[in-house]
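> Input: one structure, supplied below.
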Amino acid sequence: MADDLGDEWWENQPAGAASSPEASGGEGGGDPEMQQETAPVPALSKKTKQPKECFLIQPKETKEDATKTRKRRKKKITDVLAKSEPKPGAPEDLQKLMKDYYSSSRSVIELEELNLPDSCFLKANDLTHSLSSYLKEICPKWVKLRKNHNEKKSVLMLIICSSAVRALELIRSMTAFRGDSKVMKLFAKHIKVQEQVKLLEKRVVHLGVGTPGRIKELVKQGGLNLNPLKFLVFDWNWRDQKLRRMMDIPEIRKEVFELLEMGVLSLCKSESLKLGLF
């Protein structure tokens, strides 16, 4: 009878119950110390989720760091130019640019032939002049010179700049110098080259202001004769919105050197033409 009760008691115990009175803790529903040992189980499940949270945050930080790096790279050139102090151009700067430009395609002897005598350079702008005051300084006898000029398809003075917009600014800023001189816009924007050729053929022009590309094209087509030219002035020190000077732009620099080879260098060496850096 006692054995039957023992079997019934065992079968009616819930799953996971202790197999002995010592294991079950006797009366009172179990040992509290055993229950405390199973308490940290939820904490372990939280710890398994924590690495996932770290993994999700890490790519975001890396992306932000990469974006900041890209932004710094974009601003690097501008920052350097902005922090650099303005330095007036000098004849040595033009000579060095010419050597660097032709060094890969010319021999040592040919590079030496590109050297211009110091006597062909006018006094450079020291960044204190306006265009009118600078032109008055380098050409004090301009009024007499322009009165004696009567050749068509030519100019006495060329001012070379980087763009049509800049050319218009220069024309407006030279009013005090030019007086009654005839000034012509020599750039490509909204003006066809054939129209400029016809204007040069019809009337006497004293001053030309424009871009090297259009001036080079006019010389190539025979619309502009450089032999009567007395002054060639580069808009050297002015910087655009990207802080670039005229000769910092590869396309402009290339066209300037091509124009110099179209008779300008030979006129400089014969000392009939003077170069100025404004």
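The values are calculated or read from the model by the stated rules, or taken from the named source; none is laboratory data. In this text the structure is predicted, and so the values were computed from the model without any measurement. Every residue, glycine among them, receives a Cβ derived from its backbone with ideal geometry; neighbour counts consider all protein chains shown. Accessible surface is based on the protein model in full, side chains and every heavy atom, while ligands, DNA and RNA are left aside. Shrake-Rupley method; radii C 1.70, N 1.55, O 1.52, S 1.80 Å.
> List, in order, the whole-Hz ³J(HN,Hα) value for each residue of the range 268-278 obtained from phi through the Karplus relation with A = 6.51, B = -1.76, C = 1.60 and θ = phi - 60°; use x for Gly and Pro.
Once rounded to whole Hz, the list reads 5, 5, 7, 6, 8, 10, 10, 10, x, 10, 8.
> In whole Hz, with x marking every Gly and Pro, tabulate ³J(HN,Hα) for the range 217-230 from phi via Karplus 6.51 cos²θ - 1.76 cosθ + 1.60, θ = phi - 60°.
5, 5, 5, 4, 8, x, x, 9, 9, 8, 4, x, 5, 10
> Starting from the amide H of Val233, placed 1.01 Å from N in the peptide plane, find each other amide H under 5 Å away whose residue is 5 or more places distant or on another chain.
Correct list: Leu158, Ile159, Ile160, Gly276.
> Run the dipole for the range 160-249 about the Cα centre, Lys and Arg Cβ at +1, Asp and Glu Cβ at -1, nothing else charged, and hand back the magnitude in debye, nearest 20.
Magnitude of the dipole: close to 100 debye.
> What shape does the range 157-278 take by its C-alpha gyration tensor, where a ≥ b ≥ c are the square roots of the eigenvalues and a/c under 1.5 counts as rounded, a/b above b/c as prolate, and the rest as oblate?
It is rounded, given that a/c, with a ≥ b ≥ c, falls under 1.5.
> Remind me, relative contact order of the range 167-214 in percent, using alpha carbon pairs under 8 angstrom and six or more residues apart?
Computed value for the range 167-214: 53 percent relative contact order.
> Where does the charge balance sit around Thr211 when Lys and Arg score +1, Asp and Glu -1, over other residues with C-beta under 11 Å from its C-beta?
+1
> What percent do you get for the relative contact order of the range 87-277 when only Cα pairs under 8 Å and 6+ apart count? All intermediate terms of the calculation are to be shown ahead of the outcome.
On the way: 283 pairs, mean separation 54.1, N = 191.
Normalised by residue count, the contact order of the range 87-277 is 28 percent.
> Next up: Which ³J(HN,Hα) values, rounded to whole Hz and listed in residue order, are derived for the range 116-129 from phi using the Karplus coefficients 6.51, -1.76 and 1.60 in 6.51 cos²θ - 1.76 cosθ + 1.60 with θ = phi - 60°, glycine and proline given as x?
Listing the rounded values in order: 9, x, 4, 5, 7, 9, 7, 4, 7, 5, 9, 6, 9, 8 Hz.
> Right, something else. Can you give me the accessible area per residue for the range 87-277, using a 1.4 Å probe, in Å²?
Working: 9700 Å² over 191 residues.
For the range 87-277, the per-residue accessible area is 51 Å².
> Moving on to the next point. Select from Thr211, Ile171, His129 the residue farthest towards the positive end of the dipole of the range 87-277; place +1 on Cβ of Lys and Arg, -1 on Cβ of Asp and Glu, and compute about the Cα centre.
Positive-most Cα among the choices belongs to Ile171.
> How much length is gained on full extension from Asp248 to Ser107, taking 0.36 nm per residue of separation minus their Cα-Cα distance?
Extending this stretch completely gives an extra 48.3 nm.
> Right, something else. Take every DSSP beta bridge whose two residues both sit in the range 87-277, then give the antiparallel share in percent to the nearest 5.
Around 5 percent antiparallel, to the nearest 5.
> Using only the Cα atoms of the range 78-181, build the gyration tensor, take square roots of its eigenvalues as a ≥ b ≥ c, and label the shape rounded, prolate or oblate: rounded if a/c is under 1.5, else prolate if a/b is larger than b/c, else oblate.
Working: a/c = 2.06, a/b = 1.34, b/c = 1.54.
In terms of gyration-tensor shape, oblate.
> If you put +1 on each Lys and Arg Cβ and -1 on each Asp and Glu Cβ, how big is the dipole of the range 87-277 around its Cα centre, in Debye rounded to 20?
Dipole size: approximately 920 debye.
> Given the pairs Lys99/Lys242; Lys141/Lys198; Lys182/Lys274; Lys123/Lys147; Lys230/Lys254; Lys123/Lys202, which are separated by over 32 angstrom at their Cα positions?
Result: Lys123/Lys202 exceed 32 Å.
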